[in-house]
Amino acid sequence: MWKIPFLRTLFYLAVLVSFVLWIFPSILSLNKFFPFTLPPALKIPGWIVFFFGFLLWISCILLFAFRGRGTFQVLDPPREFVIVGPYRYVRNPMYEGAFGIILGSAFAYSSPALLMLGIILPVVVHFIVVYFEEPQLERRFGDSYREYCRKVPRWLPRFPPLSK
């Protein structure tokens with residue numbers, strides 16, 4: 001029954017997007033504290049990075065709803081272990097998509113504040129992944145998760161992908 005996880009996913013997405021739209025102007029207002037801006041030549045590449053980051057991010061969210069029978073929200077995680085799509089290449093593609101959204105936005109808006117967020121956030125997320133998410137996934141999925149970790153890298157994609 002895919003409808004319930006999908007509807008919960010839509011709800012969580014609406015909450016997340018509302019939060020981002022609420023906080024985005026505040027982050028941009030921090031630009032005045034930086035002695036530099038990003039070059040205008042980065043605007044178009046920024047939108048391209050944003051677009052592909054968004055595609056990666058949303059594809060992971062949909063995989064969690066349809067394949068994992070859950071959501072991207074930590075309190076409502078997927079019930080099934082998802083190792084298809086981008087998860088065949090790298091263990092954290094959803095975060096990587098989000099980082100692409102942030103960095104692409106930084107370039108598109110010539111925003112040093114967003115650039116700093118795009119640099120600091122991955123470091124914070126790395127520690128969350130290593131010390132919270134991975135141990136939790138290992139407890140939930142056991143040997144299958146440990147084997148997945150041996151075959152698929154955490155951050156830098158491996159080609160060819162994990163075969164299913």
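The values are calculated or read from the model by the stated rules, or taken from the named source; none is laboratory data. Computed from a prediction, not measured in an experiment: that's the story for all the values here. All Cβ positions, even for glycine, are placed from backbone atoms using ideal geometry, and neighbour counts span all protein chains on display. Note: areas computed on protein heavy atoms with side chains; ligands, DNA, RNA excluded. Shrake-Rupley method; radii C 1.70, N 1.55, O 1.52, S 1.80 Å.
Here is how the numbers come out for the structure above:
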item: Positions within region 1-44 being in contact with a helix residue (DSSP H, G or I) (Cβ under 7 Å, 6 or more places away or on another chain), in a loop (DSSP other than H, G, I, E, B) and under 30 Å from T71 (Cβ atoms), in sequence order; result: W2
item: Residues within region 23-34 that are over 26 Å from the mean Cα position of the chain (by Cα) and surrounded by 10 or more Cβ atoms within 10 Å (Cβ to Cβ), tallied; result: 1
item: Leading residue by the ranking (farthest from E96 (Cα to Cα)) among those in region 35-65 that are more than 16 Å from the chain's Cα centre (by Cα) and crowded, with 16+ Cβ neighbours inside 10 Å; result: L38
item: Any chance Y87 is modelled with pLDDT under 95, farther than 21 Å from L117 by Cα and crowded, with 16+ Cβ neighbours inside 10 Å; result: no
item: The lone exception for L75 - which of (1) in a helix (DSSP H, G or I); (2) open to solvent by 50 Å² or more (accessible area, probe 1.4 Å); (3) free of Cβ contacts under 8 Å to residues at least 24 places away in the same chain it fails; result: (1)
item: Odd one out for V49, checked against (1) in contact (Cβ under 8 Å) with a residue 60 or more places away in the chain; (2) in contact with a Phe, Trp or Tyr (Cβ under 8 Å, 6 or more places away or on another chain); (3) in a helix (DSSP H, G or I); result: (1)
item: Region 100-111: number of residues that are open to solvent by 40 Å² or more (accessible area, probe 1.4 Å) and of a type outside the set (F, W, Y); result: 1
item: Qualifying positions in region 7-46 - aromatic (F, W, Y) and either touching a residue at least 24 places away in the same chain (Cβ under 8 Å) or under 15 Å from Y109 (Cα atoms) (or both); result: Y12, F24, F33, F34, F36
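Condition check ((1) buried (at least 18 other Cβ atoms within 10 Å of the Cβ); (2) over 30 Å from K3 (Cβ atoms); (3) at pLDDT 95 or above) across all residues:
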{"position": "R69", "(1), (2), (3)": "no, no, no"}
{"position": "F81", "(1), (2), (3)": "no, no, no"}
{"position": "R91", "(1), (2), (3)": "yes, no, yes"}
{"position": "A98", "(1), (2), (3)": "yes, no, yes"}
{"position": "A113", "(1), (2), (3)": "yes, yes, yes"}
{"position": "I120", "(1), (2), (3)": "no, yes, yes"}
{"position": "E134", "(1), (2), (3)": "no, yes, yes"}
{"position": "R146", "(1), (2), (3)": "no, yes, yes"}
{"position": "C149", "(1), (2), (3)": "no, yes, yes"}
